[in-house]
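Beneath this line is the structure, given in structure tokens, with notes to follow.
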Amino acid sequence: MILVVGPLVLASLLFLALPPLAQTQDECALPEGVSPFEDPQVTAQQVEDGSAALMDFALGARDQFKLMSEVGGATAYHFGCLIRQEGGPWRSGSTYLVQLTLDGRVFVHSKEMALSGRLLDRRILAGILVSLGVSRGDLTDPASVLNTLLEEPHAPFDLTLLGASGYATAYVRAHRPDPLILLAGFDLDASHVVEEEIDYGDPAITASDVVDRESLKAFVTQAGGYFIEGLRTGGRAAVSKAKVAMRDPNGPWRHGSVYLYVLDLASNLILFHGVNPDRYELRPLVATVRDVVTGELILPQVIEAAQSSPEGGFVEYFFDDPTDDTDSADIPKVGYARQFRGERYNVIIGSGFYGRAPEVVATGPRTEVEVTVRGDAVEGLTVEFASSVSGRLPDYAWSAVTDADGRASVIIPEARSGFFKARVRNPAGETLGQWRSIPLNRNRRQILRLTLGGGARVVRSEPLASAKQVAPARGLAPGAPNPFNSSTQIAYRLSSAGPVELVIYNMAGQPVRTLVDRFQGAGSYRVEWDARDQRGASLSSGVYITRLSHAGGVETQRLLYLK
């Protein structure tokens, strides 16, 4: 993003970097090749206990930021993480750092990133500018304000009646013409920002409407249009307002565990996170947030899905539900992400919900299609269906991705019986095959074969009720006992023969013990786990995840081990 978002995120490189997402907020792993930072001459703790002056702390921070603007890279990221650590040398109690843009917007708040983008009370901004040497008569003249702040003035400010006091200094970053205002010792909270008139847009599908893949895709697509419109037309202020709107729990863009995120591919940052900005926002895309079950990195999967086709793609992973403190890894997050690219922006916008889409949409009238694609390189293809309506361009609204055998399951909710069109595309978005006039019937499950290069055949069609009756019974039973203090029994049932893998993972997503890894026939099985790892060493107390992978899919259970 060269003109609009670029200035925002480039400046953030010099101020903020969050720790790897698999770590806690207060952990800052030292990047390879980066030397440890020495504590500043004046720390936040010294200011808090009265043994050092706030001015010296603020000026020390200003000099460090200016240096980081020249160094950049991993060193700047690491410094950005350190200044966010509560109890660290740069943050203690009410002594921490806040950056403002010249128009008075909170750019970065090292204690509460949810306030980023909010507009500071104009009276407080005016008082800060006057303390820095701007005459009251020049407050409405941007050029005069800019010229004064380019001199990098610094001074205390005390606006007791407005609940604001601290130390302010302006500074100019390397290769940037506009200065930033750095505040220290100002415990800036929601009472210091103003409510603005926000255009939330008018989405047809809101966050509260997201219940399945179709509604999730529509929601993200609309959110992309809303956010990009702000980028195109409104500049920095519009982007800030869009972030405020998308973070509002009472607005259309956030509801429960359904929220939005924005990844900026131009600067490789998590530009926005709708629920947990303190932990994720402005974090580099190399962040090591991992699937709690598989241990795989999540963001590369999200990016791959978003770039799999012009309309984006779906991805499933196990991730914390912010609305449920007791959630387990039993239910994956179904995500959808889409890339939006233009002359001035290159972002990925995504969201998700908890629960497998087929289980969600299976409660109402629908058409189910089990597709097998035949041909060369059939894994990872996107199979899409659209109603065949004369005179109208097809809207391929229902899709799924093929597995290694070329199979995919597509559910079309509330579909009427009739003819449908289908197409298959590769990860690059190229269409490999198209089919017309495929007969599909409502409330039936159809087994369909598509051959790349031509040919479509309905192998079998059966009522949904019948299909459910013959569906294989399978399942991973709850561990017993659970919690346990010495050993627990893990039972499962297989409806068909095939390779089986039963693995215990810790909460960091790392495998600690493989209990089963072999071909097994249909039937019931029971395995004992004695809370030891692969080498036979006793594990520490805590939560562990049982992951059963078999021909019917993947299932997980949570176990609590207490010594």
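The values are calculated or read from the model by the stated rules, or taken from the named source; none is laboratory data. If you're wondering where the values come from, they're calculated on a predicted model, not measured in any experiment. Cβ coordinates were reconstructed from backbone atoms using ideal geometry, including for glycine residues, and neighbour counts include every protein chain displayed. Side chains included, ligands, DNA and RNA excluded: accessible areas come from the protein's heavy atoms. Shrake-Rupley method; radii C 1.70, N 1.55, O 1.52, S 1.80 Å.
In the stretch 411-438, which residues are part of a strand (DSSP E or B), at pLDDT 80 or above, surrounded by 14 or more Cβ atoms within 10 Å (Cβ to Cβ) and not aliphatic (A, V, I, L, M)? Selection gives G418, F420, K421, R423, R425, G433, Q434, W435. The criterion of being at pLDDT 80 or above and open to solvent by 70 Å² or more (accessible area, probe 1.4 Å) does not hold for R474. Restricting the first member to the stretch 544-563 and to residues that are among the hydrophobic types (A, V, I, L, M, F, W, C), and the second to residues that are in a loop (DSSP other than H, G, I, E, B) and open to solvent by 50 Å² or more (accessible area, probe 1.4 Å), the beta-carbon pairs closer than 6 Å and six or more apart or on different chains are A551/S496; L559/N482; L560/P483; L562/P483; L562/N485; L562/S541. Of everything in the stretch 386-397 that is open to solvent by 40 Å² or more (accessible area, probe 1.4 Å) and at pLDDT 75 or above, the residue that is farthest from K217 (Cα to Cα) is S388. Taking every residue in the stretch 62-79 that is over 18 Å from Y171 (Cβ atoms) and pairing it with any residue that is crowded, with 22+ Cβ neighbours inside 10 Å, at least 6 positions away or on another chain, the pairs with Cβ-Cβ distances below 6 Å are Y77/A17. Candidates in the stretch 183-224 are the residues that are over 28 Å from L149 (Cβ atoms) and among the aromatic types (F, W, Y); of these, the one that is least open to solvent (accessible area, probe 1.4 Å) is F219.
The residues of the stretch 89-135 that are touching a Ser or Thr at 6+ places or on another chain (Cβ under 6 Å), open to solvent by 10 Å² or more (accessible area, probe 1.4 Å) and part of a loop (DSSP other than H, G, I, E, B), listed by number, are P89, G133. If you go through the stretch 509-525 and keep only what is modelled with pLDDT under 80, open to solvent by 60 Å² or more (accessible area, probe 1.4 Å) and not in a strand (DSSP E or B), you end up with just A522.
Scanning the stretch 439-466 for residues that are in a strand (DSSP E or B) and open to solvent by less than 20 Å² (accessible area, probe 1.4 Å) yields L440, Q446, L448, L450. Taking A174, is it surrounded by fewer than 18 Cβ atoms within 10 Å (Cβ to Cβ), part of a loop (DSSP other than H, G, I, E, B) and in contact with an Asp or Glu (Cβ under 7 Å, 6 or more places away or on another chain)? Judged against the criteria, A174 is a match. Only a single criterion out of (1) under 17 Å from G185 (Cα atoms); (2) charged (D, E, K, R); (3) open to solvent by 30 Å² or more (accessible area, probe 1.4 Å); (4) not in a helix (DSSP H, G or I) is not satisfied by D39, namely (1). Of all residues in the stretch 278-298, those satisfying the criterion of being closer than 27 Å to V244 by Cβ and surrounded by fewer than 23 Cβ atoms within 10 Å (Cβ to Cβ) are D278, R279, Y280, P284, L285, A287, V289. In the stretch 526-537 there is no residue that is open to solvent by 50 Å² or more (accessible area, probe 1.4 Å), among the acidic types (D, E) and touching a Pro at 6+ places or on another chain (Cβ under 9 Å).
Scanning the stretch 538-549 for residues being in a strand (DSSP E or B) and open to solvent by 30 Å² or more (accessible area, probe 1.4 Å) gives a total of 4.
Of all residues in the stretch 136-160, how many are part of a helix (DSSP H, G or I) and out of contact with any Gly (no Cβ under 6 Å at 6 or more places or on another chain)? Don't jump to the end; show me each part of the working.
The first filter runs over the stretch 136-160 and keeps only residues part of a helix (DSSP H, G or I), leaving 136-138, 142-149, 160.
Okay, now just the ones that are also out of contact with any Gly (no Cβ under 6 Å at 6 or more places or on another chain), so 136-138, 142-147, 149, 160.
Residues flagged as part of a helix (DSSP H, G or I) and out of contact with any Gly (no Cβ under 6 Å at 6 or more places or on another chain) within the stretch 136-160 amount to 11.
Reported count of residues in the stretch 225-259, each being more than 18 Å from G104 (Cα to Cα), touching a residue at least 60 places away in the same chain (Cβ under 8 Å) and open to solvent by less than 40 Å² (accessible area, probe 1.4 Å), is 7. For the stretch 369-385, residues that are of a type in the set (D, E, K, R), open to solvent by 10 Å² or more (accessible area, probe 1.4 Å) and either without any contact (Cβ under 8 Å) to a residue 24 or more places away in the chain or outside any loop (DSSP other than H, G, I, E, B) (or both) total 2.
Residue pairs whose Cβ atoms lie under 7 Å apart, separated by 6 or more positions or on different chains, with the first residue in the stretch 506-518 and over 19 Å from R290 (Cα atoms) and the second surrounded by fewer than 18 Cβ atoms within 10 Å (Cβ to Cβ) and of a type outside the set (V, I, T), are T514/Q534; V516/E501; D517/E501. Of all residue pairs spaced 6 or more apart or on separate chains, those with beta-carbon atoms under 6 Å, a first member in the stretch 307-324 that is at pLDDT below 90 and a second member that is of a type in the set (A, V, I, L, M, F, W, C) and part of a loop (DSSP other than H, G, I, E, B) are Y317/I298; F318/V292; F318/V293; F318/A329; P322/V275. Select from the stretch 477-500 the residues that are outside any loop (DSSP other than H, G, I, E, B) and either within 23 Å of L539 (Cα to Cα) or open to solvent by 70 Å² or more (accessible area, probe 1.4 Å) (or both) and list them in ascending order. The answer is A480, F484, T488, Q489, I490, A491, R493, P499. Scanning the stretch 81-118 for residues that are more than 23 Å from P156 (Cβ to Cβ) and in contact with a Gly (Cβ under 7 Å, 6 or more places away or on another chain) yields a count of 1.
Candidates are the residues of the stretch 530-549 that are more than 34 Å from the chain's Cα centre (by Cα) and not hydroxyl-bearing (S, T, Y); the one that is farthest from G498 (Cα to Cα) is A537.
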